[in-house]
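The structure appears right after this line, and notes come after that.
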Amino acid sequence: MEPSLILASQSPARAGLLSKAGIPFDTVVSHVDEDALVAAEGPLTPRDTALRLARAKAEAVAQLPGSAGALVLGCDSVFELDGQSYGKPYTPEVAVERIAGMSGRTGTLHTGHWLVDTRRDPALGEGATASADVQFAHMSAQEIRDYVATGEPLQVAGSFTLDGRGSVFVERVTGDPHAVIGLSLSTLRELLRAVGVSATSWWSAA
């Protein structure tokens, strides 16, 4: 019997990807203070930031008593534009400013993945980052205000989604589209293989 999988994220998008792929999982939120962690780490590239936050989430949940014997997957996404890291905007004002700066341009969405196999040493894990370039359409000021008014971009990295209303502004994705949504399934498959687990084994057990 394969070990159970715990997703250390409250993201509905990530949960949806796992469900559609036929991978059973439980959700446990890590409650990692992302801003404090990034500040303590010092300067990191956007790609490294995504992986570091994913690792922190996975390791925090792996230490919980209920995670014993399970695989714990942490994920975090960071949007890069002009070499700068952008996470969740949280407020409409910040979202409007950021989206206006993205209009008609190309940015890169990095999603870090960290898998901890608690059957071994919970302090050890396997990690990888999947990235994709996103080309945005030119957006009018009214379109940006209308999008921000929906509330959708406030709680997502980069202030946009590929699997929601924000998709109408995405002209092209170069790279793994699942990485843009928040969890690269091909990357997860490789991380699972590294600990001796096949993603397809859960299908036969369903």
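Computed from the coordinates by the stated procedures, all read-outs in this text should not be read as laboratory data. As the structure is a computational prediction, the values presented were derived from the model and not from experiment. So basically every Cβ, Gly included, is an ideal-geometry build from the backbone, and we count neighbours across all protein chains shown.
Take the Cα radius of gyration of region 42-109 and divide it by 2.2 N^0.38 Å, N being the number of residues; the result is 1.42.
How far is helix 185-194 tilted off the main Cα axis of the chain, in degrees rounded to 10, range 0 to 90? Compared with the principal axis, the helix lies near 30 degrees. Counted over the chain with a bin width of 10 Å, the fraction of Cα pairs per bin, in whole percents, is 9, 36, 34, 17, 5, 0.
How high is the FRET efficiency from L124 to D33, r the C-beta distance, R0 30 Å, rounded to 0.05? It comes out at approximately 0.85. Taking a ≥ b ≥ c as the square roots of the eigenvalues of the alpha carbon gyration tensor, region 1-52 is prolate, as a/c is not under 1.5 and a/b beats b/c.
Taking max minus min of the alpha-carbon positions on each principal axis, region 116-206 gives extents of 53, 27, 24 Å, largest first. Label separation (R105 vs V168): 2.3 nm, computed from points 7 Å beyond Cα along the C-beta direction. Taking chymotrypsin sites (Phe, Trp or Tyr not before Pro) across region 72-143, the ones in a DSSP loop with at most 12 further Cβ atoms lying within 10 angstrom of their Cβ are Y90.
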